[in-house]
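The structure under discussion appears below in the form of structure tokens.
The values are calculated or read from the model by the stated rules, or taken from the named source; none is laboratory data. Predicted model, so just to flag it, every value in this text is computed and none were measured. Cβ atoms come from the backbone with ideal geometry, glycine included; neighbour counts cover every protein chain shown.
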Amino acid sequence: MPVFDFGNAQKAAKEPVICTYAVRETNVRVITAKEPILVLADGAGAGGSLPHHVAGAFADLRTRSSFLVGEARIPHDITDIDARFVSLIRWLGENRIRVRLTGESTAAGFAVTKIREIAFGGDGKLSAEDGFLQYMIERLLASDAPGEEPEEETEEGDDMKLTSLQSITDFLSCAGRTLPDNIRLWARRNLAVARSAEVTPEERRHAQRALSIMLNIQWKSSYFEAIDPAKARRILDAELYGMEKVKQRIIETIIQINRTHTLPAYGILLAGPAGTGKSQVAYAIARILRLPWTTLDMSSIRDPEQLTGSSRIYANAKPGIIMEAFAAAGESNLVFIINELDKASAGKGGGNPADVLLTLLDNLGFTDNYLECMIPTRGVYPIATANDLSAISAPLLSRFAVIEIPDYTADEKQVIFSKYVLPKVLSRMGMQPRECEVTGEGLQVIVREFAGASGVRDLEQAAEHLAAHALYRIETEQVPKIIYKAEDVRELLT
């Protein structure tokens with residue numbers, strides 16, 4: 001395929017920039033003809049009307065903001081462009097990359113809704129990674145409009161990761177100011193280190209690894225779409241029996257988010273006896289918020305460095321658990337479920353791992369020792385669990401709105417066992433509800449047997465025992481169902 005002749009580069013560099021387009025700031029996530037990537041001049045004055053699909057290349061935007069159509073290179077000026085895509089279009093032009101545009105004629109001009117690569121100007125690929133252009137478009141759509149003027153058949157790119165220096169370089173060229181300013185500047189410095197011949201191979205390797213981790217995360221704004229309180233209530237009712245006060249507090253939080261479109265200043269701390277469903281409540285809240293979540297088990301963290309990462313001066317340096325959670329989620333907005341906050345203990349070298357969480361909870365930014373960059377945390381929502389509030393430091397406790405999770409009454413435990421616990425266990429074993437039934441008197445025996453234990457974990461173990469016994473009898477005795485009366489339950493569990 002012939003390579004476009006863009007003229008003498010030295011001459012072009014001296015020519016004044018002819019900017020024909022207006023920059024449109026928008027945060028739409030779905031491209032349509034009404035909200036396109038860009039608009040081209042269309043009609044007789046611009047070389048004729050454009051078809052639904054048109055091939056060509058963007059002129060180097062240093063000389064003219066237009067799209068050169070076909071082998072004849074008929075220019076169609078760019079008249080309007082989404083601010084998020086200015087750097088990408090400039091990069092396509094500077095690298096002489098042939099693309100196919102898809103769009104439709106509108107009153108404003110030819111509205112471009114898709115851009116696909118045809119081939120690189122030379123023999124190489126568009127970037128060092130396959131699918132880079134689609135990956136780049138998806139990342140830009142997921143980002144927000146720049147806060148200031150930017151600097152110099154559906155294809156998917158979600159599976160791609162920025163790992164090579166070439167793809168990282170291309171991404172930084174295209175991302176423009178859609179990245180947070182401090183991360184953009186940090187990335188440039190680390191890219192210089194990764195390319196430098198004046199540092200050790202180990203330093204270059206760490207810089208490239210840090211870039212790959214940071215740039216594969218979608219850095220989103222802290223704006224939250226409204227959440228349907230009725231749908232949130234249905235999720236809570238499906239997951240939790242009773243707990244009306246707890247549900248009320250959660251719905252209040254949802255309504256607050258809907259009013260401000262931001263997360264509350266405080267996280268949630270679920271406090272109560274073991275086995276009362278605190279973790280289950282936390283997961284239900286994460287589902288309601290429609291955010292990815294990660295868990296931090298504070299009882300297993302003995303060294304603050306596990307959270308903050310280690311410095312690159314060490315050969316085996318790596319990011320901390322908190323930064324790894326961002327990388328695993330692939331975005332900056334997520335729920336941190338902090339289990340057993342009251343069991344965090346002092347580190348072996350001094351310092352308490354729980355105190356490291358203060359910077360995460362303050363929403364001022366978190367710095368990982370390996371990345372050496374402040375991570376925006378405005379989109380992080382912490383939900384912690386604890387059995388003993390007195391074991392948590394006052395500064396840490398002040399970062400949460402505390403919700404008490406009471407233990408269940410005997411009547412509540414009977415309902416939970418029959419309507420939630422036993423059906424869940426039977427489903428897990430591939431059994432039908434009719435194959436294992438417990439009479440009312442049998443339920444009372446089960447609850448009395450574990451009256452001294454808080455929560456419902458012992459009830460779950462009892463359900464496992466009953467279901468396994470029922471399945472054994474059904475298979476060996478060739479009977480359709482087993483009904484457990486009070487004496488049967490007493491004999492089996494005691």
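Out of the residues in the range 293-308 that are within 16 Å of L334 (Cα to Cα) and either at pLDDT below 85 or out of contact with any Ser or Thr (no Cβ under 9 Å at 6 or more places or on another chain) (or both), state the one that is surrounded by the most Cβ atoms within 10 Å (Cβ to Cβ).
Pass one, the range 293-308, residues within 16 Å of L334 (Cα to Cα): 293-296.
Those left that are additionally either at pLDDT below 85 or out of contact with any Ser or Thr (no Cβ under 9 Å at 6 or more places or on another chain) (or both): 293-294, 296.
Working: W293: 18, T294: 17, L296: 23.
Applying the filter and picking the extreme gives L296.
Identify, from the list R434, R473, R448, the residue that is within 26 Å of A274 (Cα to Cα) and either charged (D, E, K, R) or modelled with pLDDT of 90 or more (or both). So that I can check it myself, show each step before the final result.
Working: R434 fails: within 26 Å of A274 (Cα to Cα); R473 fails: within 26 Å of A274 (Cα to Cα).
Residue meeting the stated conditions: R448.
Please report, ordered by residue number, the strands (runs of 3 or more DSSP E) entirely within the range 382-494 with at least 1 residues that are in the same structural domain as Y283 (by TED's automatic domain parsing) and either of a type outside the set (D, E, K, R) or within 32 Å of the chain's Cα centre (by Cα) (or both).
Qualifying strands (runs of 3 or more DSSP E): 400-404.
Which one of K481, K485 is touching a Ser or Thr at 6+ places or on another chain (Cβ under 6 Å) and over 16 Å from T409 (Cα atoms)? Walk me through it before giving the result.
Numbers: K481 fails: touching a Ser or Thr at 6+ places or on another chain (Cβ under 6 Å).
The unique qualifying residue is K485.
Looking at A226, A175, A187, A210, which one is within 22 Å of the chain's Cα centre (by Cα), of a type in the set (A, V, I, L, M) and not in a helix (DSSP H, G or I)? Before you say what the answer is, go through the steps one by one.
On the way: A175 fails: not in a helix (DSSP H, G or I); A187 fails: not in a helix (DSSP H, G or I); A210 fails: not in a helix (DSSP H, G or I).
Answer to the selection: A226.
Would it be correct to say that A282 is in a helix (DSSP H, G or I) and modelled with pLDDT under 85?
no
Across the range 233-247, which residue is modelled with the lowest pLDDT among those that are under 8 Å from A284 (Cβ atoms) and of a type outside the set (D, E)? Give the derivation first.
The first filter runs over the range 233-247 and keeps only residues under 8 Å from A284 (Cβ atoms), leaving 235-236, 239-240.
Subset that is of a type outside the set (D, E): 235-236, 240.
Details: I235: 91, L236: 90, L240: 80.
Restricting to residues being under 8 Å from A284 (Cβ atoms) and of a type outside the set (D, E), the top hit is L240.
Does I322 fit the bill of being in contact with a Gly (Cβ under 9 Å, 6 or more places away or on another chain), part of a helix (DSSP H, G or I) and buried (at least 20 other Cβ atoms within 10 Å of the Cβ)? Lay out the reasoning, then the answer.
Working: in contact with a Gly (Cβ under 9 Å, 6 or more places away or on another chain): yes; part of a helix (DSSP H, G or I): yes; buried (at least 20 other Cβ atoms within 10 Å of the Cβ): yes.
In short, yes.
Quick check on my filter: what residues within the range 75-113 are in contact with a Pro (Cβ under 6 Å, 6 or more places away or on another chain) and part of a strand (DSSP E or B)? So that I can check it myself, show each step before the final result.
Taking the range 75-113 and keeping what is in contact with a Pro (Cβ under 6 Å, 6 or more places away or on another chain), we get 83, 86-87, 111-113.
Hits for the range 75-113 are A111, V112, T113.
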